[in-house]
Amino acid sequence: MRRGNIFWGLFIILLGVLFFLQARGIITNVFSFIFPLALILVGGWIILNVFWKPDLSDDDTFSLALQSAKSVHYEFSHGAGQIQISGGAPAGKAIVGSSAVGMNTESRMDGDRLNVEIGAGPSMIPFIGPSSGVWRYQITQEVPVTLEINAGASSLDVDLKDVLATRIECSTGASSVKLTLPARGASLLDVNAGAASFDIRVPDGAAARIRFEGGLTKMDVDTNRFPNIDAGFFQSPDFDSATNRAEINFEGGLGSVTIK
C-alpha cells in the first residue's frame with residue numbers, strides 16, 4: 001500500500017470531520033482549519049516515517065538498459081530524505097530502482113558511454129517519493145562507471161564495493177553519508193562536504209591515499225592501515241604498487257569523517 005493513499009485518506013476523513021462540525025454549528029469556518037490541518041498531518045507523517053518502514057515490495061520500480069555502452073556516467077541529484085545506491089543491477093541493465101512522483105530520469109549515449117541522470121525529490125513527504133520512504137538504486141557491475149552525487153539534507157548509503165567505479169564525486173550539504181569504495185581496481189573519490197558526517201570504508205585488501213583540506217572537520221583515520229605521512233595526508237605503505245587502491249580527496253566544512 002502506498003504511503004500517499006494513507007496520508008490522503010486521513011486528510012479526507014479529518015476534512016469530513018471539520019465539515020460535520022461546521023454543519024453542527026460547533027465551528028464557523030472550516031477553511032480556516034485546512035492549512036493548519038495539512039501542516040499537522042505532514043509533520044506527523046515525517047516523524048512517523050522515522051519509525052515505520054513499510055514493506056519494500058510495495059515500491060514501484062524502473063530500469064534503464066545498458067545498451068552497447070562500454071562505460072556509464074551517473075549523476076544523482078537528491079534534495080532531502082534517504083537514498084541508497086549499490087551494485088547489483090541485472091545483466092543488461094544500467095540501473096534499476098525506485099520510481100515515484102518526484103523523480104526524473106534521463107539517459108543518452110555519448111559515443112560508447114551511457115550518461116544517466118537521476119533527480120529525486122524529498123523521500124519523506126507522503127505524496128512524493130517511494131512507498132518505503134527511501135530512494136533505492138542498483139547500478140551495473142558489468143562495465144566501468146563514474147558517479148556524481150549531489151545531495152542536500154540527506155542520508156546517503158552508497159555501497160560500491162562490487163562496482164567498477166573509477167571516479168566518485170560527492171557534494172553534500174547537511175548530510176549523513178556512509179560510503180564503501182570499490183574493492184577492485186583504482187578509484188578516485190572527491191568529496192566537498194558542508195556540515196556533514198562521512199563514514200568512508202576502504203575494503204580489506206585495498207590501499208588508499210587520503211588528503212584533507214580546509215574546514216573544521218573532525219578526522220578519524222585508521223592509521224594502522226593508512227599511516228599519517230604529513231598534516232592532513234595519510235597513505236598505505238604499498239599504495240604505489242597496489243592494484244586495488246583508492247585516492248581520497250576530502251574538502252570539508254564543519255563536520256566529521258571516519259575512514260577505515
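Taken together, the values in this text are just the output of simple stated rules run on the coordinates, not laboratory data. Computed from a prediction, not measured in an experiment: that's the story for all the values here. Cβ sites come from the backbone with ideal geometry, for glycine too, and all protein chains shown count toward neighbours.
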Query raised in the report: What nm value, rounded to one decimal, do you get for the distance between ALA186 and ASP204 when each label is placed 7 Å out toward the C-beta?
Result: 2.6 nm
Report task. Note down, for segment 127-167, the three equivalent ellipsoid semi-axes (square root of 5 times each alpha carbon gyration tensor eigenvalue), biggest first, whole angstrom. Result -> 23, 13, 9
Query raised in the report: How many nm separate the modelled label positions at ASP220 and ASP240, each set 7 Å beyond the Cα in the direction of the Cβ?
Result: 3.3 nm
**Report entry** Net charge of neighbours whose Cβ lies under 14 Å from the Cβ of GLY253, counting Lys and Arg as +1 and Asp and Glu as -1
**Finding:** -1
Query - Kirkwood hydrodynamic radius over Cα pairs of the chain, then Stokes diffusion coefficient at 10 °C and 1.306 mPa s, in µm²/s - result: 78 µm²/s
Query raised in the report: Okay, which of segment 138-171 sit inside 14 Å, backbone N to the point 7 Å along the Cα-Cβ direction of GLN67?
Result: none
Query raised in the report: Hey, what angle do you get for helix 3-23 against the long axis of the chain, alpha-carbon based, 0 to 90 degrees rounded to 10?
Result: 20 degrees
Report task. Obtain the radius of gyration and the Kirkwood radius of segment 148-260 from its C-alpha atoms and give Rg over Rh. Result -> 0.94
Requested in this report: Only helical DSSP H runs with n ≥ 4 go in: add -39500 (n - 2.57) per run for the chain, normalise by residue count and round the 222 nm mean residue ellipticity to 500 deg cm²/dmol.
Outcome: -5500 deg cm²/dmol
Query raised in the report: For the Cα atoms of the chain, what angle does the longest principal axis make with the long axis of helix 31-51, in degrees from 0 to 90, nearest 10?
Result: 40 degrees
